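First the structure, in the form of structure tokens, and then the observations on it.
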Amino acid sequence: MDPADGAEGLLSRYVRGLKPLSLVYFAAFFLVGCALASIGPTMILLAESTGSTPSQVALLFPARSCAYLAGAAIGGPMFDRLPGNAILGVSMLLCGLGMLLVPVVHNLVLLALAVSTSGLAMGVLDTGGNVLLMRLHGAEVSPYMQTMHFLFGLGAFTSPLVVAACVHASRSHGLSWSFWALGGLCVPCGGVLLRMTSPRLREGGDRGSARGVPLAETADHGACEAAEAESEEGKQEVEE
């Protein structure tokens, strides 16, 4: 078989299996990646805004990491009992709200609360996005799962570059522009999720994927990796 024909066949199968809800999950994970990596380039401005030192502002990273892990832990049982898209939609709205509040909060404790709210929502989104995508695509989930996590990584990679460019372009307004733009994108994404029907639990429940890996284990592992990466980012920012 011609390798080109094989590649075209795989691409054709991928496109045929793609669903509108898959695209919404992809967008949500891209925005979560953006939100997760957005704090680093603004640490100095946040320190000035709150009258704190960079070392104090760096505490936002462990605070959000703890909230992220808490969201991932409580999200699992919620998706067994409530409509999944409704949970994701509310979480996306909370994530957007936290981002919108960052530029206007000038107290470090309140800023930590806003950032932790976003972190809690991101943890729920991380767990729920994995579970619901597996429910949506079943045994054919592998390429779509890879796409979703690629977009998560792409968002985490591009967000600091865009935020830093905004801050460089306008030191007085760059902080507000970047976080308001990010929050403004999260809110409509959450609204779309609230209006869409949740994928149904497949026969046999969520106990295993096509490769026999428990879904909850897969989702929680991803959440732990994200939280560990964020903690390392905070350490690097403090050292710099």
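The values are calculated or read from the model by the stated rules, or taken from the named source; none is laboratory data. The model shown is predicted, which means the values in this text are computed figures rather than measured ones. Neighbour counts are summed over all protein chains in view; Cβ atoms, including those assigned to glycine, are modelled from backbone coordinates with ideal geometry. For accessibility, only protein heavy atoms count, side chains too; no ligands or nucleic acids. Shrake-Rupley method; radii C 1.70, N 1.55, O 1.52, S 1.80 Å.
Just going by the charge dipole of region 1-112, with Lys and Arg at +1 and Asp and Glu at -1 on Cβ, which of 54, 26, 79 is farthest out on the positive end?
79
In µm²/s, what is D for region 1-141 at 10 °C and 1.306 mPa s, where D = kT/(6 pi eta Rh) by Stokes-Einstein and Rh is the Kirkwood radius from Cα pairs?
Working: Rh = 16.7 Å.
Rounded to a whole number, D works out at 95 µm²/s.
Given 0.36 nm per residue, what is the gain on full extension from residue 44 to residue 70 after removing their alpha carbon distance, in nm?
Values: separation 26, 0.36 × 26 = 9.36 nm, distance 2.75 nm.
Here the segment from residue 44 to residue 70 would lengthen by 6.6 nm.
Counting heavy atoms of the protein chains only and a 1.4 Å probe, report the per residue accessible area for region 1-87 as a whole number of Å². Show your work: numbers first, answer last.
Values: 4060 Å² over 87 residues.
Result: 47 Å² of accessible area for each residue.
Measure off, as a whole percent, the carbon and sulfur share of the 1.4 Å-probe accessible area of region 22-178, all protein chains present. Present the calculation step by step, with values, prior to reporting the outcome.
Values: 4490 of 6010 Å².
Roughly 75 percent of what the probe reaches on region 22-178 is carbon or sulfur.
Multiply the residue separation of residue 165 and residue 150 by 0.36 nm, subtract the distance between their alpha-carbon atoms, and state the gained length in nm to one decimal.
3.1 nm
Between residue 55 and residue 201, 0.36 nm times their residue separation minus their Cα-Cα distance comes to what?
Details: separation 146, 0.36 × 146 = 52.56 nm, distance 4.55 nm.
Computed gain between residue 55 and residue 201 is 48.0 nm.
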